[in-house]
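Just so it is clear, none of the values below were taken in a lab; they were calculated from the coordinates. A quick note: this is a predicted structure, and the numbers were derived from the prediction, not measured. Backbone-built Cβ (ideal geometry, glycine too); neighbour counts: all protein chains shown.
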Amino acid sequence: MAGSGGIKIIAVTPGGLAAAANVSPGDLLLEVNGETLLDNLNYQFLVGQRDSTEILLKKPGGALFRAVLENWGDGLGLELADDEIRICKQNCVFCFVRQMPPGFRQSLYIKDEDIRLSFLYGHFTTLSNSDNVELDRIIRERLSPIHVSVHATDPGARGRIVGAPGQGDILRKIDRLIDGGVEIHAQAVIAPEYNDGEIWEHTLADMWERRGNDASNAGKQKGGVISLSCVPVGLTAHRQNLPPIQAIDAGYASGWVRRWKRESRRYTIGGKKRPWLLLADEWFSKAGMKAPGRKYYPADWNQIENGIGLIRRFQEHSRRFIKSDRAGGFAGLRLLLLTGHSFAPYLSQTIEALRRYVDAEITVVPVPNSTFGESVTVAGLLCGRDLLSAAQNDKRAANGQFDAIIIPSASVRRLTSIPAAAKTTGPQTLPCGHCNQAMDTYQFLDDMAVAEMESRLGLPVIQSGDNLSSLLGQVARQAPSLLIGGL
């Protein structure tokens, strides 16, 4: 957060309010409406509070500059420097960052614990960094809903899990937020003998007592817990010098599903009986069971970024797509689809259904994760080396029997770079023209570029997208010559 040092202004909209007031890139924005500026989110809140906004700046030479802008609650025409990410102070027994293998880029070893990321992007926070001042800020700035990793409401169990006995009383913080009108998406990562059994049932009861958006709670509180998910603990092969945790195998997962999928029917909120207790997809994939039907999940898929409903949403979309005329675009395609072991059975079923309607040669191959360990089975954690090895080891791919290799989009990150020639145009000028266009590159977690994989395989490497429709669109964009009749 900025604190008293201010936040640097990196761009000013030409012709905007700030430009008319002689605000310039390089100025430091110190205060808004007499309040010390905290960060970008705080800025957005403050400038939207009044018809006119008073700002205090520090010019590069050190001079202070004050201006009042009549913005009527709209923006001022400023772009501020990115905020620093707040780092987690806890040492959760199942923290994934602490289980990372060595040799990756430094940013992957950062443990974020930031209420701003929780509000903006659905990152889960333990609230360990949040004192009363920050809790009050969440309430005042209406940062709702927020996503909270509860794990356990029993203080002793939670303190043991997060590695800090002083952070065991999570209910005090949750109650403060609820009383202030904040809605909460909660989760518990289930680790056997840490927070299952009676501890989990106690957590469930405490969260249910604080549920929001329910007729029985009308008039009692403005906020509340609007969903609770349970997620199986994820363990890698790199847990040296960390507390022992029992892995969740097929037997444990199937027992959990049999008990809590049935129980979840009793936990619904609102007049439309919205599902409230949610089991992550990994419970079903680990148990070798089919994913629940559409009615099991909330209409807004409110925890889908947490792996709740990804399989069902994919299947629902695929079912409609396969029956559409557009599915014929797959005719004649010979594709090798690489994915993680968790998703492979569900993807295979979908491809089998597609091939009943369309004459295409599409093969699904589950890829073992040699980088993180084969206990890690989700597609998003497959590295370039794992996917490349799987494609090279497939005899059909080696013999040229496929037209393209399909990789999971979740395993790739997009990087945008601006050529050096464009950087000389100044901070307010966007690169333009054929030579100065921003260039996108795609890399895996291990920094292997997709272009490198494509070169080594001698075949187009195409990202899967979120569903069959987007996959077909990706093929049309990256390898249109493969499509028989176009789209």
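Observations, loosely collected:
- By the count of other C-beta atoms within 10 Å, a proxy for reagent exposure, Asp281, Asp74 are ordered fewest to most as Asp74, Asp281.
- Vicinal HN-Hα couplings computed from phi for the stretch 171-179 (Karplus, 6.51 cos²θ - 1.76 cosθ + 1.60; Hz; Gly/Pro x): 5, 4, 6, 4, 5, 4, 5, 4, 4
- Only DSSP H runs of four or more residues enter the estimate; each adds -39500 (n - 2.57), and after division by the residues of the chain the mean residue ellipticity at 222 nm equals -8000 deg cm²/dmol.
- Dipole of the stretch 97-308 [Lys/Arg +1, Asp/Glu -1 at C-beta], most positive-end residue of Ile110, Gly163, Ser254: Ser254
- The modelled label-to-label distance for the pair Glu193/Arg355, using points 7 Å beyond Cα in the direction of Cβ, is 4.4 nm.
- Applying 0.36 nm per residue to the separation of Trp208 and Leu120 and subtracting their alpha-carbon distance, the gain on full extension is 29.2 nm.
- Cβ-derived FRET efficiency at R0 41 Å, Thr441 paired with Asn399, nearest 0.05: 0.85
- Comparing the chain with the 2.2 N^0.38 Å rule of thumb, its C-alpha radius of gyration ratio is 1.10 (two decimals).
- Legend: calculated FRET efficiency, His317 to Leu482, from the Cβ-Cβ distance at R0 = 22 Å, rounded to 0.05, equals 0.50.
- Computed packing ranks the peptides 43-52, 328-337 as 328-337, 43-52, most packed first, by mean other Cβ atoms within 10 Å.
- Amide hydrogen neighbours beyond the local backbone of Val189, cut-off 5 Å, H modeled: His151, Val231
- Model label points for Ile85 and Asp466, set 7 angstrom from Cα along the Cα-to-Cβ axis, are 2.3 nm apart.
- Mean projected area of the Cα convex hull of the stretch 314-482, taken over all directions, amounts to 11.6 nm².
- Using a simple spin-label model with pseudo-atoms 7 Å out from Cα toward Cβ, Asp325 and Lys8 lie 5.5 nm apart.
- The 3J(HN,Hα) values that the Karplus relation (6.51, -1.76, 1.60; θ = phi - 60°) gives for the stretch 301-308 are, in residue order, 6, 5, 10, 5, 5, 9, x, 10 Hz. Gly and Pro appear as x.
- Taking 0.692 mPa s as the viscosity and 37 °C as the temperature, the Stokes-Einstein diffusion coefficient of the stretch 214-364 based on its alpha-carbon Kirkwood radius rounds to 183 µm²/s.
- Unit charges on C-beta of K, R, D, E only; dipole of the stretch 3-80, Debye: 280 debye
- Cα gyration tensor, the stretch 97-308 - rounded (a/c under 1.5), prolate or oblate: oblate
- Charged-residue dipole, Cβ positions (Lys, Arg, Asp, Glu), the stretch 72-179 about Cα centre, Debye nearest 20: 500 debye
- Between amide H atoms placed 1.01 Å from N, distances below 5 Å from Tyr357 occur with no residue 5 or more places distant or on a separate chain.
- Available extension along the chain between Glu54 and Met100 is 11.9 nm, counting 0.36 nm per residue and deducting the alpha carbon span.
- Sequence-ordered 3J(HN,Hα) estimates for the stretch 92-99 from the Karplus curve with 6.51, -1.76 and 1.60 and θ = phi - 60° stand at 4, 4, 10, 3, 5, 4, 6, 9 Hz, glycine and proline given as x.
- One chain, two ends: Glu263 and Leu108. Fully extended at 0.36 nm per residue, the span grows by 52.1 nm beyond their Cα-Cα distance.
- For the stretch 114-214, GluC sites (Glu not before Pro) meeting the loop criterion (DSSP other than H, G, I, E, B) and having at most 14 other Cβ atoms within 10 Å: Glu193.
- Global form of the stretch 19-67, assessed from the alpha-carbon gyration tensor, a/c cut-off 1.5: prolate
- For the chain, size of Cβ-based charge dipole, Lys and Arg +1, Asp and Glu -1, in debye: 1320 debye
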